[in-house]
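Readers should treat all values here as calculations from the given coordinates under stated rules, not as data from a laboratory. Not measured: the values here are computed from a predicted model. Heads up, the Cβs are rebuilt from the backbone with ideal geometry, glycines too, and the neighbour counts pull from every protein chain shown.
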Amino acid sequence: MESEKYSWKWVTKDTLLSEGPCELVSAHLVPDAAGTSTAIIYNGQDTSGEIVMSFRGNGGYHTPFQPPVPVYCRKGLYVDVTSNVRGILVQWRNESRRVE
């Protein structure tokens, strides 16, 4: 994997990561110490898109999402941070950078 073809971001609030087609490579939810943490990743530009992944973690344990192949998100990539989340590390590759 050539790192310059990939993007990553530490997300702490609702964030649009890609406005167009991309591939979601991985995501790791890090909860706050207290309570259950929840977050949702959408194929789209907001919460009206299709749900790709819904995180639900317990305080003190991170929750990884590492599919065997990247998830193609044709409408964009949006992260909705809902509760008790310290952050989510998301890695993706924009369609314009895609190598066939």
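Going by the structure shown, is ASP46 more than 10 Å from the chain's Cα centre (by Cα) and touching a residue at least 60 places away in the same chain (Cβ under 8 Å)? It is false that ASP46 is more than 10 Å from the chain's Cα centre (by Cα) and touching a residue at least 60 places away in the same chain (Cβ under 8 Å).
Can you tell me which residue within region 3-32, out of those that are of a type in the set (Lys, Arg) and out of contact with any helix residue (DSSP H, G or I) (no Cβ under 9 Å at 6 or more places or on another chain), is farthest from ASN94 (Cα to Cα)? Only one residue tops the list, namely LYS13.
If you filter region 2-55 down to residues that are of a type in the set (S, T, N, Q) and touching a Lys or Arg at 6+ places or on another chain (Cβ under 8 Å), you find that the one that is surrounded by the most Cβ atoms within 10 Å (Cβ to Cβ) is SER37. Looking at region 12-45, which of its residues are of a type outside the set (Ser, Thr, Tyr) and not in a strand (DSSP E or B)? Within region 12-45, LYS13, ASP14, GLU19, GLY20, PRO21, ASP32, ALA33, ALA34, GLY35, GLY44, GLN45 qualify. Taken over region 66-81, the criterion of being more than 21 Å from GLU19 (Cα to Cα) and under 13 Å from the mean Cα position of the chain (by Cα) is satisfied by GLN66, PRO67.
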